[in-house]
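The values are calculated or read from the model by the stated rules, or taken from the named source; none is laboratory data. Remember, predicted model here, so these are calculated numbers, not experimental data. Don't worry about glycine lacking a Cβ; one is built from the backbone with ideal geometry, like all the others, and counts go over all protein chains shown.
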Amino acid sequence: MSAVGEVFQLIPPRAPPVATEGVLPWLRRNLFSDLWNTLGTLLVLALLATYLPPLFEWAAWNAVARPDNAACRALEHTGACWGVVGEKYRLILFGRYPYAEQWRPLVATALMIALLAASCYRPFWKRWLIALWIVVLAVFFVLMFGGAFGLTFVETARWGGLPLTIMLSTLGLVTAFPLSVLVALGRRSRMPGIRTLCVLYVELIRGVPLISVLFMASFMFPLFMPAGMTIDVLLRVQVGISLFSAAYLAEVVRGGLQALPRGQVEAAQSLGLSYWQTTRKVVLPQALRLVVPAIMNTFIGTFKDTSLVTIVSLYDLTGALQLALGDSDWRKFFLEGQLFVAAIYFVCCFAMSRYSRWIERHLNTGTRRN
Amino acid sequence: MQTATPIIEFAHVNKWYGQFHVLRDIDLSVARGERIVICGPSGSGKSTLIRCINRLEEHQEGVLRVDGVELTDDLKAIEAIRRQVGMVFQQFNLFPHLTVLENLTLAPMWVGRIPKREADERAMQQLVRVKIAEQAAKYPLQLSGGQQQRVAIARALCLTPKIMLFDEPTSALDPEMIKEVLDVMIELANQGITMLCVTHEMGFARSVADRVIFMDQGQIVEQNTPAEFFGNPKSERTRDFLSKILAH
């Protein structure tokens with residue numbers, strides 16, 4: 001500080017008095033900063049010391065990895081029987097799809113997952129990606145259905161396991177997303193007819209559980225169809241899942257639209273951009289990146305919700321697991337089976353969650369100041 | 001200055017926000033190339049007045065013609081007029097997800113259907129004009145307020161409009177940055193574009209405006225040349241307003 005009338009002098013910057021980087025300062029700051037923090041740290045360490053060793057003993061040390069039923073039974077649950085996975089993984093992963101033909105869902109699903117991964121990469125967001133999607137979806141269904149190129153026909157009732165889960169969620173989200181954007185825009189439309197329609201749709205669908213939607217798609221819908229006309233139950237369920245997720249997504253997208261300052265639209269309008277140009281070039285790019293975490297939240301929810309299709313007799317990953325555990329020899333080891341399926345779900349959901357954080361950072365280039 | 005056909009013509013224009021009568025019987029005609037400064041207390045309808053010109057606000061009564069076209073619900077006509085009218089906002093309203101250059105090329109490419117290369121070239125010319133060409137690759141939020149506002153002016157100029165509207169362009173700026181924006185606006189004014197500017201920068205009004213309009217409670221209270229307006233205000237209301245804003 002300078003006294004009145006004194007000449008200003010610049011103070012050069014210097015290092016802080018206490019070291020703030022390195023392991024020890026980090027430990028002190030984060031784990032042992034005060035009494036309560038220290039107590040908390042010790043408590044967590046004690047809990048880990050109590051429960052980790054037995055868990056390790058069960059899951060790894062005593063566990064039987066071979067699909068050896070006698071050895072598993074001999075364990076008396078003192079160790080995990082991972083053999084159930086070795087024995088039943090084909091049934092869990094592919095459901096009732098004909099055993100000899102299971103390479104087809106394998107290839108189809110691998111293609112779909114590869115394309116999903118490729119679609120995550122922003123430089124690939126070009127026109128050709130849409131074309132590639134159409135091709136891959138066509139290949140997917142040719143492989144799954146068969147009945148052409150010398151492949152035997154497999155009816156949808158026998159589809160199951162991971163391919164079904166991936167298909168229901170991917171197609172569900174790919175169709176739900178554009179629909180949700182339209183509905184969200186519609187709810188803010190100046191035209192009362194469109195607005196009412198969109199509000200009705202969202203509120204009706206959100207007002208009932210997914211189970212009800214699936215039941216209606218599977219049992220009620222056929223009653224209203226003209227005689228002799230049938231639509232495959234899988235397609236009906238797929239549409240049900242799409243419509244259901246779209247209602248939730250629409251509200252998420254609307255949240256993003258609300259958050260956008262009015263001036264953005266006015267600036268675009270004052271430049272002569274039409275409604276759709278404004279929406280496409282100014283509104284959506286900003287509104288959607290605001291709600292990336294919430295969108296991913298809904299995506300993950302939908303992915304897991306597909307497991308509800310078991311109630312209308314479709315055997316997705318969880319349904320196929322129930323089929324596998326129908327074998328009385330292995331029924332006792334349901335926990336290991338559940339953990340295996342849970343691990344598959346976790347890997348997918350965790351990947352989605354990490355991707356959400358990554359894409360958020362990459363999309364935010366313009367909205368951060370640095 | 002006054003030529004045969006005015007480029008903007010308000011005839012008995014009225015507008016309400018709900019029950020609030022915001023524009024009352026506005027009659028105003030603006031000649032080609034005329035530079036008008038509009039001032040008045042907040043809530044007097046001056047922003048609403050210029051926002052009616054590019055139909056960001058709709059008037060409910062009366063006739064408003066811009067460049068010979070009457071503003072109605074006809075969307076195509078409105079979009080055509082908006083191409084002739086550039087607007088600069090108090091809050092800049094740059095598109096934060098686009099770079100400075102992309103902010104400038106968006107409308108020429110999508111509205112003007114100009115190829116990207118040519119749009120880039122024109123945009124760079126405008127950026128040179130507002131002395132900010134070196135920032136073309138940055139994002140708006142990386143710039144200072146004064147720089148952002150100059151980009152906003154360049155963006156509005158990219159479609160070579162006949163009319164420029166300024167809605168309190170320096171009100172959101174730090175004092176140090178006001179001058180750089182006013183300098184750009186003065187240069188623009190000297191090039192003969194029709195200009196309507198809502199501002200309280202009375203120095204700017206004095207040196208640039210052909211006419212100063214004072215609004216209060218949705219009406220045009222007084223309009224005159226800057227010399228007359230500041231030197232010899234006719235109404236009590238104007239004198240009162242001027243004494244407040246010129247006091248500091």
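Does residue B:94 satisfy being over 26 Å from residue B:7 (Cα atoms) and part of a loop (DSSP other than H, G, I, E, B)?
Considered against the rule, which asks whether it is over 26 Å from residue B:7 (Cα atoms) and part of a loop (DSSP other than H, G, I, E, B), residue B:94 comes out as yes.
Would you check if there is a residue in segment A:18-36 being in contact with a Pro (Cβ under 9 Å, 6 or more places away or on another chain) and farther than 26 Å from residue A:174 by Cα?
Yes, segment A:18-36 contains a residue that is in contact with a Pro (Cβ under 9 Å, 6 or more places away or on another chain) and farther than 26 Å from residue A:174 by Cα.
Quick check: is even one residue across segment B:92-100 surrounded by 19 or more Cβ atoms within 10 Å (Cβ to Cβ), within 16 Å of the chain's Cα centre (by Cα) and not polar (S, T, N, Q)?
Within segment B:92-100, one or more residues are surrounded by 19 or more Cβ atoms within 10 Å (Cβ to Cβ), within 16 Å of the chain's Cα centre (by Cα) and not polar (S, T, N, Q).
Those residues that are within 20 Å of residue A:102 (Cβ to Cβ), out of contact with any Pro (no Cβ under 9 Å at 6 or more places or on another chain), aromatic (Phe, Trp, Tyr) and surrounded by 15 or more Cβ atoms within 10 Å (Cβ to Cβ), I need them from segment A:112-153; list them, please.
A:145
Residues being part of a loop (DSSP other than H, G, I, E, B), within 11 Å of chain A (Cβ to nearest Cβ) and over 23 Å from residue B:134 (Cβ atoms): count how many of those fall in segment B:156-171.
So the count comes out to 2.
Need at least 2 residues that are within 14 Å of chain B (Cβ to nearest Cβ) and either under 21 Å from the mean Cα position of the chain (by Cα) or not polar (S, T, N, Q) (or both) per element, so show me which helices (runs of 4 or more DSSP H) inside segment A:240-358 make the cut, counting only ones lying wholly within it.
Those helices (runs of 4 or more DSSP H) span A:262-270, A:275-278, A:284-290.
Taking residue B:117 as the residue in question, decide whether it is without any contact (Cβ under 8 Å) to a residue 12 or more places away in the chain, surrounded by fewer than 19 Cβ atoms within 10 Å (Cβ to Cβ) and outside any helix (DSSP H, G or I).
For residue B:117, the condition - without any contact (Cβ under 8 Å) to a residue 12 or more places away in the chain, surrounded by fewer than 19 Cβ atoms within 10 Å (Cβ to Cβ) and outside any helix (DSSP H, G or I) - is not met.
Please work out if residue B:153 is of a type in the set (Val, Ile, Thr), in a loop (DSSP other than H, G, I, E, B) and away from chain A (no Cβ under 12 Å).
Criteria not met by residue B:153.
For segment A:137-192, which residues satisfy the criterion of being closer than 22 Å to residue A:323 by Cβ, among the β-branched types (Val, Ile, Thr), in a helix (DSSP H, G or I) and at pLDDT below 90?
A:156
Could you please give the count of residues in segment A:51-86 that are under 14 Å from residue A:324 (Cβ atoms) and more than 28 Å from the chain's Cα centre (by Cα)?
Going through segment A:51-86 one residue at a time, the tally reaches 4.
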